[in-house]
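> My questions all concern the structure below.
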Amino acid sequence: MSRYLLRRLVFALVTLGAVVTVTFFLVRLAPGGPFDGERRLPPEVEANLRAAYDLDQPLLVQYGRYVANLASGDLGPSFRQKDFSVNELIGMGLPISVGVGLAALSLALALGVAGGTFAALSQDGPRDRLLVLGATLGLALPPIVVAPVLVLVFAVSLGWFPAGGYATAKHFVLPAITLALPYAAAFMRLTRGSVVEVLNRPHVMTARAKGLGRFRLVSRHVLPSALLPVVSFLGPAAAALLAGSMVVEEIFSLPGLGRYFVQGALNRDYTLVTGAVVVYAALVLGFNLLVDLCYARLDPRIRHA
Amino acid sequence: MREALLGTPLARVCCAVLLLVVLAAIAGPWLSPWDFDAVDWDAIDSAPSAAHWLGTDGVGRDLLARTLTGARLSIAIALAATLVSCVIGIPWGATAGYVGGMADMAMMRVVDGLYALPFILLVILLVVLFGRNVVLLFIALGAVSWLDLARIVRGQTLAAKNEAYVEAARAMGVGTPGILKRHIVPNIIGPALVYATLTVPGVIIAESFLSFLGLGVQEPQTSWGVLIADGAREMRTSPWQLAAPATMLAVTLFALNVLGDRLRDALDRRPRS
């Protein structure tokens, strides 16, 4: 098992390295630079600025320095937001993004697994039909549709939750629901399909024949093997969640990582963009490693390989 | 295929809805008396009325005309991006499946690695850095949505490569590229294209995300994402501005998902030799 995890770790690090490299060169090769503004700077000033940020060095030297700094956890100074380092900016945005993301993922997982199991247990019955239809509907409701409607109903009309901001836990309810909805639907379909399949396996039939109660049957014999595909979908789901989180941060005015990323890209703030991508990628890859770990615990074939 | 598309009342309704959406998008400019960017000074920010069936936006542009024009661009981008994903995904999957061995492992490892990446970041970087034009948008979206297709095509190729006709071609001395091009791909292209339609809703969602953030389609052009972003800004005072594009997007996605599921089931159930 440790060899399996070691391999995954190396794979993740290599991927992260590739992401850093591609992003680094991509933003620097793009037209436009961080010091382009409405008014052209005097050449001497611009030269000094470029020198201050190492931009006068050959690209490869810049890259080497960036990677060396990165290895010690330093993402460099922000080019556009003076007096802020990228670490500070990301340090402000990250907790908000991670908070919303984790809340949404947990909610989606809870709703999806519960709904999918219920649907599978009454396969093809009216309850099943209703849940499946609900899931298809959930997939058709991306955050950009759901968020405004939720705000209109629960913030403007009913006044139950605030429409934006991040002061209290209440502020995170609507963003988390918005973000969770399509993934709850996806998890539900996955769970339903795999529970239906596992229910017909011999070991479940044996357990049922021995008179095991429904709850124990499902929790001890069905779910552990039925959840494998769900667990392996967690990784890609976390990556896809990012796209939604950017939209959600925009709609609910949450100053999360997504905002810094979009802002940085628009301003050609090289270090901020690269830093945001690195942190995003590290988060997703780290989460994937965690998923692999869970997978190995759940699946004895991997544990003993 | 026919059964999947027309087998149940729900499927028939979804087919009809999609057909309607596509026809309305194509015929949009002739259906509505207003141009999508024409300003009606007498009806600025007006609720749905006899003159403007779906109301007008904050500068007096007809929302029916705008939603239909938006549909045009959203659907066109989705189709073009799906085509791009086919151009990458089908050769990738077919090569990996046919060549096998180390090459297969390496190629599928790349796919696995890419799955774990937050791709939308790359698309955003590309469109922000290299100009926000529609061509770049669909190429970028297509370039990141070929992964599922590559996996499916690889699976199909694995099944096809042991068929007698492939063996016959090999025995006659046809090289690997020739076999792939003349024998494998033509035989798996049908199911591959059906699977490719499953990418369409994802691309529509991605495009609407980007346009919503102001990173995709730009004024004066419009798409569902742009319209929803505009509508969301005004929803407290003029909810109809949000209602038209949001409903159309949701209904289209729903119909695509329902039909996509049925197509997938129909393909999966076919016995494999």
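The values are calculated or read from the model by the stated rules, or taken from the named source; none is laboratory data. Treat the numbers as computed from the prediction; the structure is a model and nothing was measured. Reconstructed Cβ throughout: ideal geometry from the backbone, glycine too, with neighbour counts over all protein chains shown.
> Select, from A:Leu257, A:Leu298, A:Leu283, A:Leu293, the only residue that is surrounded by fewer than 22 Cβ atoms within 10 Å (Cβ to Cβ) and within 13 Å of the chain's Cα centre (by Cα). Break it down stepwise before answering.
Numbers: A:Leu257 fails: surrounded by fewer than 22 Cβ atoms within 10 Å (Cβ to Cβ); A:Leu298 fails: within 13 Å of the chain's Cα centre (by Cα); A:Leu293 fails: within 13 Å of the chain's Cα centre (by Cα).
The unique qualifying residue is A:Leu283.
> Answer yes or no: is there a residue in segment B:62-78 that is away from chain A (no Cβ under 14 Å), outside any helix (DSSP H, G or I) and of a type in the set (D, E, K, R).
Taking every residue of segment B:62-78 in turn, at least one turns out to be away from chain A (no Cβ under 14 Å), outside any helix (DSSP H, G or I) and of a type in the set (D, E, K, R).
> Let me ask another. Hey, any hits in segment B:20-29 for a residue that's farther than 28 Å from B:Glu234 by Cβ, among the β-branched types (Val, Ile, Thr) and in a loop (DSSP other than H, G, I, E, B)?
no
> Give me the residue from segment A:21-61 that is among the acidic types (Asp, Glu) and at pLDDT 75 or above and, out of that set, nearest to the chain's Cα centre (by Cα). Can you show your working first?
Step one: filter segment A:21-61 for residues among the acidic types (Asp, Glu), giving A:36, A:38, A:44, A:46, A:54, A:56.
Those still in the list that are at pLDDT 75 or above too: A:44, A:46, A:56.
Values: A:Glu44: 43, A:Glu46: 38, A:Asp56: 36 Å.
Taking the candidates together, the pick is A:Asp56.
> Is it the case that some residue within segment A:119-130 is assigned to a helix (DSSP H, G or I), crowded, with 21+ Cβ neighbours inside 10 Å and either modelled with pLDDT of 85 or more or of a type in the set (S, T, N, Q) (or both)? Before you say what the answer is, go through the steps one by one.
Applying the first criterion (assigned to a helix (DSSP H, G or I)) to segment A:119-130 yields A:119-121, A:126-130.
The next check asks that each one be crowded, with 21+ Cβ neighbours inside 10 Å; those that pass are A:119-120.
Right, trim to either modelled with pLDDT of 85 or more or of a type in the set (S, T, N, Q) (or both) and you get A:119-120.
Yes: segment A:119-130 contains one or more residues that are assigned to a helix (DSSP H, G or I), crowded, with 21+ Cβ neighbours inside 10 Å and either modelled with pLDDT of 85 or more or of a type in the set (S, T, N, Q) (or both).
> Could you count how many residues in segment A:4-23 are in contact (Cβ under 8 Å) with a residue 12 or more places away in the chain and either among the basic types (Lys, Arg) or away from every other protein chain (no Cβ under 14 Å) (or both)?
Residues that pass the stated criteria total 3.
> Going by what's in this entry, would B:Arg66 be described as charged (D, E, K, R), under 26 Å from B:Leu136 (Cα atoms) and at pLDDT 85 or above? Before the answer, list the steps.
On the way: charged (D, E, K, R): yes; under 26 Å from B:Leu136 (Cα atoms): yes; at pLDDT 85 or above: yes.
Yes.
> Which condition from (1) within 14 Å of chain B (Cβ to nearest Cβ); (2) assigned to a loop (DSSP other than H, G, I, E, B); (3) without any contact (Cβ under 8 Å) to a residue 24 or more places away in the chain is the one that A:Leu212 breaks?
(1)
> Consider only pairs whose beta carbons are under 7 Å apart and that are at least six residues apart or on different chains; among these, list those whose first residue lies in segment A:75-98 and is free of Cβ contacts under 8 Å to residues at least 60 places away in the same chain and whose second residue is buried (at least 21 other Cβ atoms within 10 Å of the Cβ) and polar (S, T, N, Q).
A:Phe84/A:Ser78; A:Ser85/A:Ser78
> Still on this structure: For segment B:96-115, state whether one or more residues are surrounded by fewer than 22 Cβ atoms within 10 Å (Cβ to Cβ) and under 29 Å from A:Asn267 (Cα atoms).
yes
> Same structure again: Please find, within segment A:145-182, the residue that is nearest to the other protein chains (Cβ to nearest Cβ) out of those that are in a loop (DSSP other than H, G, I, E, B) and within 17 Å of A:Met246 (Cβ to Cβ).
Looking only at segment A:145-182, we keep the residues that are in a loop (DSSP other than H, G, I, E, B), and these are A:158-168.
Retained after the next criterion (residues that are within 17 Å of A:Met246 (Cβ to Cβ)): A:164, A:166.
Numbers: A:Gly164: 12, A:Tyr166: 19 Å.
The residue in question is A:Gly164.
> Hey, among the residues in segment B:46-91 that are polar (S, T, N, Q) and free of Cβ contacts under 8 Å to residues at least 40 places away in the same chain, which one's surrounded by the fewest Cβ atoms within 10 Å (Cβ to Cβ)? Break it down stepwise before answering.
Pass one, segment B:46-91, residues polar (S, T, N, Q): B:46, B:49, B:56, B:67, B:69, B:74, B:82, B:85.
Filter once more, keeping what is free of Cβ contacts under 8 Å to residues at least 40 places away in the same chain: B:46, B:49, B:56.
Numbers: B:Ser46: 18, B:Ser49: 11, B:Thr56: 28.
Only one residue tops the list, namely B:Ser49.
> Looking at this structure, is A:Asp299 within 30 Å of A:Arg220 (Cα to Cα), in contact (Cβ under 8 Å) with a residue 24 or more places away in the chain and more than 12 Å from chain B (Cβ to nearest Cβ)? Even if it seems obvious, please write down each step before you answer.
Working: within 30 Å of A:Arg220 (Cα to Cα): yes; in contact (Cβ under 8 Å) with a residue 24 or more places away in the chain: yes; more than 12 Å from chain B (Cβ to nearest Cβ): yes.
For A:Asp299, the condition - within 30 Å of A:Arg220 (Cα to Cα), in contact (Cβ under 8 Å) with a residue 24 or more places away in the chain and more than 12 Å from chain B (Cβ to nearest Cβ) - is met.
> Does any residue of segment A:222-240 turn out to be surrounded by fewer than 19 Cβ atoms within 10 Å (Cβ to Cβ) and more than 30 Å from B:Leu117 (Cβ to Cβ)?
No, that holds for no residue.
> Could you say which residue among B:Pro201, B:Pro220, B:Pro191 is closer than 28 Å to B:Leu64 by Cβ and either of a type in the set (D, E, K, R) or touching a helix residue (DSSP H, G or I) at 6+ places or on another chain (Cβ under 7 Å) (or both)? Break it down into steps so the answer makes sense when it comes.
Details: B:Pro220 fails: either of a type in the set (D, E, K, R) or touching a helix residue (DSSP H, G or I) at 6+ places or on another chain (Cβ under 7 Å) (or both); B:Pro191 fails: closer than 28 Å to B:Leu64 by Cβ.
Among B:Pro201, B:Pro220, B:Pro191, only B:Pro201 is closer than 28 Å to B:Leu64 by Cβ and either of a type in the set (D, E, K, R) or touching a helix residue (DSSP H, G or I) at 6+ places or on another chain (Cβ under 7 Å) (or both).
> Return the residues of segment A:243-277 that are β-branched (Val, Ile, Thr), closer than 14 Å to A:Ser97 by Cβ and more than 10 Å from chain B (Cβ to nearest Cβ); say none if nothing qualifies.
A:Val248
> Quick check on my filter: what residues within segment B:167-186 are free of Cβ contacts under 8 Å to residues at least 60 places away in the same chain and either in contact with a strand residue (DSSP E or B) (Cβ under 7 Å, 6 or more places away or on another chain) or among the hydrophobic types (A, V, I, L, M, F, W, C) (or both)?
Keep residues of segment B:167-186 that are free of Cβ contacts under 8 Å to residues at least 60 places away in the same chain, which gives B:167-175, B:177-178, B:181-183, B:186.
Those that are free of Cβ contacts under 8 Å to residues at least 60 places away in the same chain and either in contact with a strand residue (DSSP E or B) (Cβ under 7 Å, 6 or more places away or on another chain) or among the hydrophobic types (A, V, I, L, M, F, W, C) (or both): B:Ala168, B:Ala169, B:Ala171, B:Met172, B:Val174.
> Any idea which residue in segment B:128-164 is farthest from the other protein chains (Cβ to nearest Cβ), counting only those that are among the polar types (S, T, N, Q) and closer than 25 Å to B:Arg264 by Cα? Reasoning before the result, please.
The first filter runs over segment B:128-164 and keeps only residues among the polar types (S, T, N, Q), leaving B:133, B:145, B:156-157, B:162.
Checking which are closer than 25 Å to B:Arg264 by Cα leaves us with B:145, B:156-157, B:162.
Values: B:Ser145: 12, B:Gln156: 21, B:Thr157: 23, B:Asn162: 27 Å.
My answer is B:Asn162.
> I would also like to ask the following. Kindly provide the set of residues from segment B:92-127 that are within 12 Å of chain A (Cβ to nearest Cβ) and in contact (Cβ under 8 Å) with a residue 40 or more places away in the chain, ordered by number.
Here is the first cut: in segment B:92-127, the ones within 12 Å of chain A (Cβ to nearest Cβ) are B:109-127.
Of everything in segment B:92-127, those that are within 12 Å of chain A (Cβ to nearest Cβ) and in contact (Cβ under 8 Å) with a residue 40 or more places away in the chain turn out to be B:Val111, B:Ile120, B:Val123, B:Ile124, B:Val127.
> Name the residues in segment A:24-76 that are in a loop (DSSP other than H, G, I, E, B) and within 14 Å of another protein chain (Cβ to nearest Cβ), would you?
Matches in segment A:24-76: A:Ala30, A:Pro31, A:Gly32, A:Gly33, A:Pro34, A:Asp36.
> Right, next: Restricting to segment B:138-168, give me the number of residues that are outside any helix (DSSP H, G or I) and within 27 Å of the chain's Cα centre (by Cα). Break it down into steps so the answer makes sense when it comes.
Taking segment B:138-168 and keeping what is outside any helix (DSSP H, G or I), we get B:144-146, B:161-163.
With within 27 Å of the chain's Cα centre (by Cα) added as a condition, the list becomes B:144-146.
Counting residues in segment B:138-168 that are outside any helix (DSSP H, G or I) and within 27 Å of the chain's Cα centre (by Cα) gives 3.
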